[in-house]
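In what follows, a structure is listed as structure tokens, so that the remarks can point back to it.
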Amino acid sequence: MTAYDPNNIFAKIIRGVLPCERVFEDEHTLAFMDIMPQGDGHVLVVAKSASRNLLDADPAVLGPLMVTVQRLAKGVKAAFGADGVTIMQFNESSAGQTVFHIHVHVIPRWNDVPLRGHTGEMADPELLRTQADKIRRTIGFVGFTG
Ligand code: 5GP
């Protein structure tokens with residue numbers, strides 16, 4: 001497997017070198033709005049530890065990662081009155097992965113509303129901020145200082 005690149009986009013977001021619309025953070029994980037959402041309220045949950053994807057991840061990070069995925073799944077469903085939530089996770093280019101730092105997609109779903117394409121349009125930053133506000137309020141996230 002190709003080596004982990006510490007300068008990938010999500011590693012830079014975790015280090016605070018690049019901005020993101022953060023909706024949750026704890027010691028092990030960070031969640032933020034996807035800038036090219038496949039549906040309204042599309043959130044990405046990343047593990048803070050360095051791995052490309054599920055295949056090279058330390059098993060110890062998977063528990064905390066899924067705990068945050070569940071928190072955000074419940075959060076986006078409640079925040080947007082969704083009917084369900086799609087969870088997606090890709091491993092390597094052949095499987096559709098484009099950013100090589102382990103992450104999970106959390107996407108609210110409504111009956112009869114299809115997902116948009118995986119590499120779609122950039123969202124309006126104002127809209128993402130409004131949606132992120134809603135999620136933060138719903139899950140009670142006020143910040144992380146760890
Ligand atoms: P993958 O295909 O690797 O599972 O998904 C990567 C996701 O990251 C895509 O849904 C894409 O829209 C999103 N993305 C790519 N670059 C950025 C970025 O700079 N900021 C944010 N917030 N999302 C990004």
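The values are calculated or read from the model by the stated rules, or taken from the named source; none is laboratory data. Here the structure is a predicted model, which means the values were calculated and not measured. Ideal geometry is used to build each Cβ from the backbone, glycine not excepted, and the neighbour counts take in all protein chains shown. Accessible surface areas use protein heavy atoms only, side chains included; no ligands, DNA or RNA. Shrake-Rupley method; radii C 1.70, N 1.55, O 1.52, S 1.80 Å.
To keep it simple, each residue is scored yes or no on (1) among the basic types (Lys, Arg); (2) touching a Phe, Trp or Tyr at 6+ places or on another chain (Cβ under 7 Å).
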position: Arg15; (1), (2): yes, no
position: Arg22; (1), (2): yes, yes
position: Glu27; (1), (2): no, no
position: Ile35; (1), (2): no, no
position: Val46; (1), (2): no, yes
position: Ser51; (1), (2): no, yes
position: Gln70; (1), (2): no, no
position: Lys77; (1), (2): yes, no
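Screening Ile9 with (1) touching a Phe, Trp or Tyr at 6+ places or on another chain (Cβ under 8 Å); (2) touching a residue at least 24 places away in the same chain (Cβ under 8 Å); (3) among the aliphatic types (A, V, I, L, M) gives one miss only, at (1).
Looking only at residues in the stretch 76-87 that are out of contact with any Pro (no Cβ under 6 Å at 6 or more places or on another chain) and open to solvent by less than 40 Å² (accessible area, probe 1.4 Å), the one that is nearest to Leu44 (Cα to Cα) is Thr86. When the stretch 28-75 is filtered for residues that are within 15 Å of the ligand (Cβ to nearest atom) and assigned to a helix (DSSP H, G or I), the ones remaining, listed by number, are Leu65, Val69, Leu72. In the stretch 91-104, of all residues being within 9 Å of the ligand (Cβ to nearest atom) and touching a residue at least 40 places away in the same chain (Cβ under 8 Å), the one that is most open to solvent (accessible area, probe 1.4 Å) corresponds to Phe100. Taking every residue in the stretch 123-135 that is touching a residue at least 60 places away in the same chain (Cβ under 8 Å) and pairing it with any residue that is of a type outside the set (Lys, Arg) and open to solvent by 60 Å² or more (accessible area, probe 1.4 Å), at least 6 positions away or on another chain, the pairs with Cβ-Cβ distances below 8 Å are Ala123/Ile35; Ala123/Met36; Leu128/Ile35; Gln131/Asp40. Could you tell me whether any residue of the stretch 38-47 is surrounded by fewer than 16 Cβ atoms within 10 Å (Cβ to Cβ) and either within 16 Å of Gln89 (Cβ to Cβ) or modelled with pLDDT of 95 or more (or both)? Checking the stretch 38-47: not a single residue is surrounded by fewer than 16 Cβ atoms within 10 Å (Cβ to Cβ) and either within 16 Å of Gln89 (Cβ to Cβ) or modelled with pLDDT of 95 or more (or both).
Which members of the stretch 1-16 meet the condition of being in a loop (DSSP other than H, G, I, E, B) and within 11 Å of the ligand (Cβ to nearest atom)? Matches in the stretch 1-16: Asn8 only. Any residue at all in the stretch 105-128 that's near the ligand (Cβ under 9 Å from one of its atoms) and among the aromatic types (Phe, Trp, Tyr)? Checked against the condition, which is being near the ligand (Cβ under 9 Å from one of its atoms) and among the aromatic types (Phe, Trp, Tyr), the stretch 105-128 yields no hits at all. For the stretch 17-27, filtered to residues that are of a type outside the set (Asp, Glu) and in contact (Cβ under 8 Å) with a residue 24 or more places away in the chain, the residue that is farthest from the ligand (Cβ to nearest atom) is Phe24. Evaluating Leu55 against the criteria (1) within 30 Å of Val113 (Cα to Cα); (2) open to solvent by 30 Å² or more (accessible area, probe 1.4 Å) leaves one unmet condition, (1).
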